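Participant: Dropping a structure here in structure tokens format, bear with me for questions.
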Amino acid sequence: MNHQIIDIKGIHCASCELLIEEEVTKIPGVSRCKVNYRKGRADILHDGQIDQGLIQSAIEEAGYSIGKDEKHFFSHNRKDYMDLGLSTAILFAIFYLAQALGIFDLGFKTGGSYNSLPVVFLIGLTAGVSSCMAIVGGLVLGASARFAEKHPLASTLQKFKPHIFFNLGRIISYFILGGAIGYLGSFLQLSTSFLGLLTIAVGLIMLLLGVQLIEIVPGLNKVKLTMPKHISRLLGIQQKSTKEYSHMNSAVMGSLTFFLPCGFTQAMQLYAISTGNPLIGAITMGTFAIGTAPGLLGIGGLTSVVKGAFARHFFRFAGIVVILLAFFNISNGFNLTGFNLDVFQSFTSPTIAESQEKDPNVEFKEGIQIVKMVQTADGYLPNKFTIQKGIPVRWIIDSTDAYSCASSIIVPQLHIARALSLGINIIEFTPSEIGNIKFSCNMGMYAGSFNVIEAE
């Protein structure tokens with residue numbers, strides 16, 4: 001048995017390890033390949049002599065090359081930036097095409113900072129062929145390998161059963177545990193400011209993951225969200241590979257992945273807690289798990305398509321999407337904490353009435369300021385008003401979509417929180433101080449404000 005260590009360029013995460021190991025172990029005579037992305041090398045165990053050209057071809061097939069990586073915080077490879085520019089151009093072309101076709105209007109609103117279930121599904125799909133594939137993929141392969149060993153004469157369809165039971169257990173547990181952590185958020189009665197900080201935390205995690213996916217800042221690849229080893233031992237995750245296979249074990253193994261250190265999963269878990277709603281938490285986590293299923297079901301199949309040069313373009317494309325979602329969440333979080341960055345206001349808010357001394361959207365009637373606003377699935381129209389200090393305000397909100405994020409409205413400064421019902425809703429208050437009174441949906445996605453001036 002011969003042993004050799006090979007330096008590899010371009011590996012930056014556990015997903016890279018899995019892709020390279022899968023290709024190298026296909027070489028006849030190779031009994032084991034263990035890749036360490038931190039050291040940038042592969043430890044290969046094989047019988048007899050192996051043609052080095054075969055090893056090089058396998059590594060290149062996975063999308064990498066042989067050699068030592070120069071360690072820089074920012075990439076010095078011009079091609080990385082050219083690929084990033086191309087991926088960005090493609091993304092914006094797809095965005096404007098989808099916008100022109102009205103695709104963004106088709107999503108079912110979840111009531112949170114992720115605009116719709118299709119977006120949650122997209123995040124899951126990205127995770128399923130990147131970080132989740134790397135972390136969970138080993139468990140899937142282990143389960144299927146044990147089944148194949150136990151049933152050597154099984155058909156291809158029968159050998160696929162471990163994948164099905166694994167993902168079924170995973171999806172069901174994500175629904176149940178997502179509802180549980182959503183309920184936990186409700187029980188904790190999180191303040192608006194804390195919800196804002198939680199949303200910012202989600203955004204920062206997403207930002208880190210997105211930057212790592214685009215491979216422009218390799219210096220950040222050493223930052224990993226990992227689970228403490230004693231928790232892994234407590235859950236028995238590290239010992240799973242030694243257990244006898246059964247469909248039940250496979251399903252249980254899938255359910256335990258809820259606790260594995262996938263950054264995307266952790267970001268979605270934080271979001272589910274912040275909703276304070278068991279139903280939304282369950283639907284969000286369940287949809288995310290369904291999104292990861294294609295990648296996990298296709299390990300050795302679909303995942304063989306997302307590799308090599310295509311994989312690099314795909315992950316950069318996905319990374320840009322994740323970064324945009326990250327900034328979106330961070331902006332929403334700042335809205336909730338009282339700092340309005342207005343980063344995405346042009347995308348998320350309808351036409352705004354500019355603040356002025358005599359606001360045409362404010363009517364005086366019998367000593368009361370009448371403010372009329374329409375709430376739609378896309379926000380509030382109009383969403384800026386000028387009102388006078390010390391005069392009662394009757395805020396009349398016509399809700400045209402009671403199942404969207406915008407239907408849950410909060411005014412932190414006035415301690416107002418209201419779930420709007422379909423039709424006319426009335427909120428009354430009296431502004432006591434000059435300045436700005438901000439309002440938004442419960443997750444800060446859609447926002448607006450009252451500009452309070454001295455009474456005439």
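The values are calculated or read from the model by the stated rules, or taken from the named source; none is laboratory data. Just so it is clear, the structure is predicted and the values come from calculations on it, not from any experiment. A quick note on method: Cβ atoms are made from the backbone with ideal geometry, for glycine too, and the neighbour counts reach across all protein chains shown.
Participant: What number of residues in the range 273-286 are within 18 Å of Leu125 (Cβ to Cβ) and among the hydrophobic types (A, V, I, L, M, F, W, C)?
Facilitator: Count: 2.
Participant: Moving to a separate point now. Within the range 25-47, which residues are without any contact (Cβ under 8 Å) to a residue 12 or more places away in the chain and closer than 14 Å to Ile59 by Cβ?
Facilitator: From the range 25-47, those without any contact (Cβ under 8 Å) to a residue 12 or more places away in the chain are 25, 28, 39; that's our starting set.
Correct list: Thr25 only.
Participant: Take the conditions touching a Lys or Arg at 6+ places or on another chain (Cβ under 8 Å) and either charged (D, E, K, R) or modelled with pLDDT of 75 or more (or both) and apply them to Lys222. Does it pass? Spell out the reasoning first.
Facilitator: Working: touching a Lys or Arg at 6+ places or on another chain (Cβ under 8 Å): yes; either charged (D, E, K, R) or modelled with pLDDT of 75 or more (or both): yes.
So Lys222 fits the description; yes.
Participant: So which residues in the range 410-448 are closer than 21 Å to Ile200 by Cα and not in a loop (DSSP other than H, G, I, E, B), if there are any at all?
Facilitator: Ile410, Val411, Pro412, Gln413, Ala417, Lys438, Phe439, Ser440, Cys441, Ala447, Gly448
Participant: Filter the range 367-382 down to the residues that are surrounded by 21 or more Cβ atoms within 10 Å (Cβ to Cβ), within 30 Å of the chain's Cα centre (by Cα) and at pLDDT 90 or above and list them by number.
Facilitator: Result: Gln375, Tyr380.
Participant: Still on this structure: Report the residue count in the range 402-445 for those that are surrounded by 17 or more Cβ atoms within 10 Å (Cβ to Cβ), over 19 Å from Gly333 (Cα atoms) and modelled with pLDDT of 90 or more.
Facilitator: 4
Participant: Okay, moving on. Is it fair to say Leu139 is at pLDDT below 70 and part of a helix (DSSP H, G or I)?
Facilitator: When the stated conditions are applied, Leu139 passes them.
Participant: Out of the residues in the range 44-79 that are of a type in the set (Lys, Arg) and in a helix (DSSP H, G or I), state the one that is modelled with the highest pLDDT.
Facilitator: Among those that are of a type in the set (Lys, Arg) and in a helix (DSSP H, G or I), it is Arg78.
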